[in-house]
Amino acid sequence: MHGLRFEELFALLTSAPLSSTELVRLRNWIDGIRDPAECLALIEAAAAGRPCPHCACARLHRCGFASGLQRYRCLGCGRSFNALTGTPLARLRKRECWLPYIQCLLESRTVRDAALVTGVHRTTSFRWRHRFAPGAARHRPSTLSGMIEADETYRLESQKGSRNMTRPPRRRGGAARRRGINREHDCLLVARDRVGMTLDFHTGRGPITAAQLHTCLQPVLPSDGLLISDGAAAYVRFAADAAITHESVNVRAGRRAHGAIHIQNVNGWHSRFKNWLVRFKGVASRYLANYSGWQRLLDAKALRTPAQWLCAAVRQAQ
Ligand SMILES: [Zn+2]
């Protein structure tokens, strides 16, 4: 039945006179079709040799297939799992659309645009964005080296899409009620070394504190590194407490650099991030880390193909 229908369709298609624009459309459509088996094979390969995600036991045996993926049963805890268990991609459907969807992430398409291109519903497109982006964004350097620039950028807190607002809505994005950086602002800390390795941290609301710097930076700074920041007191205190060599540039006094001591690389990252965000017309605070992680992947050009992105999202969970 299925074969017959295809033959009929094919006969119709080959008998139809196609204009050059129609040919292009047909070619693009065929190029966009992915074999669902391709996605499944990538997932299985990325998770190969993975221990039980529930108890980390390596003793397991195979127990059939579900939705095209091998199921395993753990001999330690007795629970079953597949290659996606414990990853943000677990239980997402329509795997034949995943690779084309990830291509949309690589092209920074909007939710609506990605839905149109891949043929999924807009709510699915939004949900997938916030599974695939943070999934792959766990692919991040574990440490930085040499001279490390650190600086924060602040964004007015946003409850976009929230059903239960904790304050009256602002009109047209609006402005903070008070001047300066305060609890109405989300803080995004970015640290970047001179070979371009970059880490982003959403530290919450309000100006950065020495304690937050300690939590974010202490684990990723090498003991022989040089931290460079603006003149904010939090950095001075953190560097002294953590015994890390520190230089600051007095940006407020108009001194942007003295020799190699500057934070222009990290500030360049901030401005690329802000320009990139414009297309999304405002992002909710609770998703800010997903967007900065997504932009970090694009900016680093570390994951260039949908297949690499998918493997990163599956593999990093281990
Ligand atoms: Zn187990």
Legend entry - Residue pairs meeting the criteria (Cβ under 7 Å; at least 6 apart or on separate chains; first at pLDDT below 90 and open to solvent by less than 70 Å² (accessible area, probe 1.4 Å), in region 47-60; second within 11 Å of the ligand (Cβ to nearest atom) and of a type in the set (Lys, Arg)): none
Inset, instruction - Output the residues belonging to region 61-75 that are within 15 Å of the ligand (Cβ to nearest atom) and surrounded by 15 or more Cβ atoms within 10 Å (Cβ to Cβ). - result: ARG71, TYR72, ARG73, CYS74
Inset, instruction - Tell me, yes or no, whether region 135-146 has at least one residue that is touching a helix residue (DSSP H, G or I) at 6+ places or on another chain (Cβ under 8 Å), more than 26 Å from THR87 (Cα to Cα) and not in a loop (DSSP other than H, G, I, E, B). - result: no
Inset, instruction - Assess whether ARG5 counts as being within 22 Å of HIS121 (Cβ to Cβ) and away from the ligand (no atom under 16 Å from the Cβ). - result: no
Inset, instruction - For residues that are among the small types (Gly, Ala, Ser), open to solvent by 40 Å² or more (accessible area, probe 1.4 Å) and closer than 30 Å to LEU226 by Cβ, tally how many sit in region 147-170. - result: 0
Inset, instruction - Inspect all residues belonging to region 28-39 and state whether any of them is within 16 Å of the ligand (Cβ to nearest atom) and surrounded by fewer than 15 Cβ atoms within 10 Å (Cβ to Cβ). - result: no
Inset, instruction - Report yes if ARG252 is farther than 21 Å from THR143 by Cβ and part of a helix (DSSP H, G or I), otherwise no. - result: no
Inset, instruction - For ARG79, work out the one condition from (1) near the ligand (Cβ under 9 Å from one of its atoms); (2) touching a residue at least 60 places away in the same chain (Cβ under 8 Å) it doesn't fulfil. - result: (2)
Inset, instruction - Take the residues in region 106-128 that are open to solvent by less than 10 Å² (accessible area, probe 1.4 Å) and under 30 Å from HIS54 (Cα atoms), then tell me which one is farthest from the ligand (Cβ to nearest atom). - result: SER125
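The values are calculated or read from the model by the stated rules, or taken from the named source; none is laboratory data. The model shown is predicted, which means the values in this text are computed figures rather than measured ones. Backbone-built Cβ (ideal geometry, glycine too); neighbour counts: all protein chains shown. Side chains included, ligands, DNA and RNA excluded: accessible areas come from the protein's heavy atoms. Shrake-Rupley method; radii C 1.70, N 1.55, O 1.52, S 1.80 Å.
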